[in-house]
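Notes for the one structure printed next.
The values are calculated or read from the model by the stated rules, or taken from the named source; none is laboratory data. Note that this is a predicted model, so its numbers are computed, not measured. Note: ideal-geometry Cβ built from the backbone for every residue, glycine included; neighbour counts use all protein chains shown. For the accessible areas, the whole protein counts, side chains as well, though only heavy atoms, and no ligand, DNA or RNA atoms are used. Shrake-Rupley method; radii C 1.70, N 1.55, O 1.52, S 1.80 Å.
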Amino acid sequence: MIRKQRPTFTSSELEMQLQQINLDPTSSTTENLEALAPLIKSIQDTDSEQLYLRSLDKFVEEKEREIEKICQENYEDFVSSVSTLLTIRQGSGHLRRRIGELDGQMGDVGRALGEKKRALLEQKKVARNMDDAIETLQTCLRLLDLVHRVGEMIREGKYWGALRSIEDLLHLTPPSISQTPFYAHILSSLPSLRLSIKDAVTASTKSWLFDVRESGAKVGKLALEQMSQRIKKWRAKREKEGGVRLARVAGAMELVHNERVEFDALDNEDVKVDFKPLYQCIHIYEALESKPELQRSYQVDRKTQATLILTSRLSTTPETLLSTLPLLMQELVGFFIIESHLLRTMPDFRTQRDVDELWDEMCKRIVEVVGQGLKGCSEPEVFLESKTNVLLFVQTLEGYDYNITELNGLLITLFERYSELLLRKFSTDFDQIVSEDDNQPMMVNDQEEFDQVAGVCWLAPGEMESLAMQGFPQAMPFSQTYPMCCINIRNFVDQFYQFTDGVAQQHLDIDEVLRKSLDGLLSDHVSKQIAKRLQAMSNLSQIAQVVINLEHFSTACDELEGVLMNLRASQRGGPVHLSSCKQFSATLEQAEKRIDSVINSKLESFFELAEYNWLPTRPQSTAAEPSTYVFEMITFLTAYVDSVLIGLNEGVKTRAYLNALGRINKWLMDMLCGKEVIRFNEMALASVLADVTFIEAEIKRLDKSDLDRVFDEVKHTINIILSDAVSAYMEPSIRSMSYSSVKPIRLAVILAKLGKAHALGGAQSSMAKAERRRREADEVAKLAGR
């Protein structure tokens, strides 16, 4: 310890100090002591008591000398000064004694104070140690409280706060305990605390996943309902505005129309999915540097959930499919909407590859579930409803950027099977309609029935107006087959497009499938079925009704081509053509031939009644009085055709007449040229000519110019013979102009038979005629050989 330098006391200092002390003997001791205390304290503090006394003695001596000097000059003053000095000296002695006493007292006080100070220092040291101990304990308690608080925060779900508290344990610990076993124990417990946080947040995420699975169906249901409303609104707009008829849902036009509608399937009035637990778990795992582990675990959990959703429906049957498929679609839509949200909001957690893996697996399983559910199903309605559910599912998730290629393939597969079933169903219906038709005109009793029938049938221009002018009850021109088939055709087209509405068509020309299906129905199950029934028909009125029906079916085909053109989903290609038009034309031609066949069979019965005398001496019939069979045959023909075929158009009637008259002409020529009649004379030919003239006269009353030249062959052939114009016939110019219908070979046969008839006469004139006819026959026959 550095020793303090003792002070020096000069005369001036001593004088100044003494001047400050009141040594008045009258004053109290206490007052004198109070005046002396500061001086004594300063002397005591500097340990200069002796020095001060010596300095004081020296000061007194100096003053005495000064007094003596002064006294030498002034004795009285000196005496006075001596008295004063004695007084001062006496006071000084008193002061010295008092200083000695005070010094002893101060020594005692100093020693006591030193003891107390040492005791105080010891107490301060103990107190400081206690403060350090208390501070250390408080630090430990804070650490323990922080550890306890970590546990509480884990239980309260404040996982990030708990993790931050653990970090605080590492970075905010005072150095005073950093080397203690207690702190080492705390540090060793931190990994278990982190694991507790990890386990707790994982359990929270597992619970969240379970809740999400429960609410996923609700999310999917709301999303599907929203898409269904969008489809209905867009369909109504398409029907209202034809210009957007071809635009599909989720197309550019529909998206512009729907852009003002904001709907979040995950956050709305009915459901709100809180992703905070998952986000918190991701954050915690990132802080623990275990994010890949969480990604793998989450992928496994979501894959398990998707598998559970699908496997619970693997045992679906056609009877249960329509009730289970909507629920399945709801759960899956909710599932993948959540995945899409995570992929969008947490791209560093959910990768496109992870979601695509789940999506691809789900698509395969959906195909299996639907395929299993429709196995053995033969109801088109089930396929249609299944398509509706799958399509709604596809359209909903297409808006979340999922690849729907495989599901479009499923829709096309469903469409193909639906088309087959629909075709099979309507084939049966058409077959039944045609087979059960009575081929009689359909009767309508009032305006309501008329409107119903006219509303479903395709009619020729002006036909409806013409029919509407007639009274009730009214016989429609067609039988019940036609309106029933029209209804079925409309239903088939409607049901066909019900399925295709909204289905992507880039992989399949649906319009062409419809055209071929309709062609197959109309050709194979209407036209050919009618043709099959025609083969067994012999009732001319029924055949006539079939002809009328076929004419209307041809009209329907023409109208259907326009309908299909308007309904066509794309603008590709040119006009729509139905090959069934040709099939109906062929069946119509078959029906007309069947009419000809029935009429011909009737004519055959009249031909059997013909009784010609082939060698008469005079004609047996005239134009006014024809043969009996001819009169009855023509009367039957005109009455039969006009009454039974009354509903047919004039073209068909004319064709029937042409066929019948052509058959009569052919029968007459065959009879004249055939082997059954060996010979006849000119009078017999005159009778035949008279019958033909009668027939022509009757036919002219029908006012059908197309029938005027039916009998030219038989008439001109007989006229050549009776007018003795064989030589003129031999002239090429005359033959081509006047007798073009006469066949040389037939004329030669008739001439030969005339020659045989004349040869029977025996007379020279007869033999001459016979020879002439034989010669004419030979000359005409040569024309046939050219």
Legend entry - Residue in the stretch 389-399 that is in a helix (DSSP H, G or I), free of Cβ contacts under 8 Å to residues at least 60 places away in the same chain and open to solvent by 20 Å² or more (accessible area, probe 1.4 Å) present: no
Legend entry - Test result for A544, under 25 Å from I599 (Cα atoms) and free of Cβ contacts under 8 Å to residues at least 40 places away in the same chain: no
Legend entry - Options T316, T324; residue that is over 21 Å from K206 (Cβ atoms), in contact with a Gly (Cβ under 8 Å, 6 or more places away or on another chain) and either in a helix (DSSP H, G or I) or of a type outside the set (V, I, T) (or both): T324
Legend entry - Given (1) at negative phi; (2) out of contact with any helix residue (DSSP H, G or I) (no Cβ under 6 Å at 6 or more places or on another chain); (3) not hydrophobic (A, V, I, L, M, F, W, C), index of the condition D724 fails: (1)
Inset, instruction - Name the residue, out of L342, L321, L325, that is closer than 24 Å to D211 by Cβ, in contact with a helix residue (DSSP H, G or I) (Cβ under 8 Å, 6 or more places away or on another chain) and of a type outside the set (K, R). - result: L342
Inset, instruction - Would you check if I88 is β-branched (V, I, T), more than 30 Å from E289 (Cα to Cα), open to solvent by 40 Å² or more (accessible area, probe 1.4 Å) and assigned to a helix (DSSP H, G or I)? - result: yes
Inset, instruction - Could you identify the single residue in A781, A757, A768, A763 that is over 12 Å from I720 (Cα atoms), among the hydrophobic types (A, V, I, L, M, F, W, C), over 60 Å from the mean Cα position of the chain (by Cα) and open to solvent by 50 Å² or more (accessible area, probe 1.4 Å)? - result: A768
Inset, instruction - State whether the residues of the stretch 337-357 include one that is closer than 15 Å to G373 by Cβ, modelled with pLDDT under 90 and of a type in the set (D, E). - result: no
Inset, instruction - Give the number of residues within the stretch 736-775 that are in contact (Cβ under 8 Å) with a residue 24 or more places away in the chain, part of a helix (DSSP H, G or I) and farther than 18 Å from F680 by Cβ. - result: 1
Legend entry - V513 closer than 30 Å to L422 by Cβ and surrounded by fewer than 18 Cβ atoms within 10 Å (Cβ to Cβ): yes
Inset, instruction - Considering every residue within the stretch 328-346, establish whether at least one is in contact (Cβ under 8 Å) with a residue 40 or more places away in the chain, assigned to a loop (DSSP other than H, G, I, E, B) and under 19 Å from T205 (Cβ atoms). - result: yes
Inset, instruction - Kindly list the number of the only condition in (1) more than 30 Å from H552 (Cα to Cα); (2) modelled with pLDDT of 85 or more; (3) open to solvent by 30 Å² or more (accessible area, probe 1.4 Å) that fails for R663. - result: (1)
Legend entry - Matching residues, the stretch 727-754, being open to solvent by 30 Å² or more (accessible area, probe 1.4 Å) and basic (K, R): R735, K743, R746
Legend entry - Subset of the stretch 581-623 [β-branched (V, I, T) and more than 30 Å from S523 (Cβ to Cβ)]: T617, T622
Inset, instruction - Would you be able to say whether some residue in the stretch 105-112 is open to solvent by less than 50 Å² (accessible area, probe 1.4 Å) and modelled with pLDDT under 80? - result: no
Inset, instruction - Just name the residue that is modelled with the lowest pLDDT out of those in the stretch 619-654 that are in contact with an Asp or Glu (Cβ under 8 Å, 6 or more places away or on another chain) and part of a loop (DSSP other than H, G, I, E, B). - result: N649
Inset, instruction - Could you tell me which numbered condition V382 fails, if it satisfies all but one of (1) among the β-branched types (V, I, T); (2) within 21 Å of G216 (Cβ to Cβ); (3) within 19 Å of the chain's Cα centre (by Cα)? - result: (2)
Legend entry - Qualifying residue in the stretch 504-516 (condition: among the basic types (K, R) and either farther than 19 Å from K582 by Cβ or in contact with a strand residue (DSSP E or B) (Cβ under 8 Å, 6 or more places away or on another chain) (or both)): no
Inset, instruction - Tell me which residues, restricted to the stretch 143-181, are over 30 Å from Y279 (Cα atoms), modelled with pLDDT under 75 and either surrounded by fewer than 16 Cβ atoms within 10 Å (Cβ to Cβ) or touching a Leu at 6+ places or on another chain (Cβ under 6 Å) (or both). - result: P174, P175, S176, S178, Q179, T180
Inset, instruction - From (1) surrounded by 20 or more Cβ atoms within 10 Å (Cβ to Cβ); (2) in contact with a Gly (Cβ under 9 Å, 6 or more places away or on another chain), pick out the condition that doesn't hold for D437. - result: (2)
Inset, instruction - Mind counting the residues in the stretch 706-726 that are in a loop (DSSP other than H, G, I, E, B) and open to solvent by less than 30 Å² (accessible area, probe 1.4 Å)? - result: 3
Legend entry - Cross-chain or 6+ apart pairs with Cβ under 6 Å, the stretch 555-575 first and within 16 Å of K516 (Cβ to Cβ) and at pLDDT below 85, then assigned to a loop (DSSP other than H, G, I, E, B) and of a type outside the set (A, V, I, L, M, F, W, C): A569/Q505
Inset, instruction - Go through the stretch 280-307 and give me each residue that's in contact (Cβ under 8 Å) with a residue 12 or more places away in the chain and open to solvent by 70 Å² or more (accessible area, probe 1.4 Å). - result: H283, K303
Legend entry - Filtered residues of the stretch 666-705 (kept if among the acidic types (D, E) and loosely packed, with under 13 Cβ neighbours inside 10 Å): E676, D703
Inset, instruction - Might you let me know whether the stretch 285-304 holds any residue that is closer than 29 Å to E225 by Cβ, at pLDDT 85 or above and of a type in the set (K, R)? - result: yes
Inset, instruction - Filter the stretch 570-618 for residues that are closer than 30 Å to E698 by Cβ, open to solvent by less than 50 Å² (accessible area, probe 1.4 Å) and not in a helix (DSSP H, G or I) and give the result. - result: A610, Y612, W614, P616
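Conditions (1) within 30 Å of L322 (Cβ to Cβ); (2) assigned to a helix (DSSP H, G or I); (3) open to solvent by less than 10 Å² (accessible area, probe 1.4 Å), marked per residue:
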position: M362; (1), (2), (3): yes, yes, yes
position: S386; (1), (2), (3): yes, yes, yes
position: D401; (1), (2), (3): yes, no, no
position: N408; (1), (2), (3): yes, yes, no
position: F415; (1), (2), (3): yes, yes, yes
position: E420; (1), (2), (3): yes, yes, no
position: E449; (1), (2), (3): no, yes, no
position: Q452; (1), (2), (3): no, yes, no
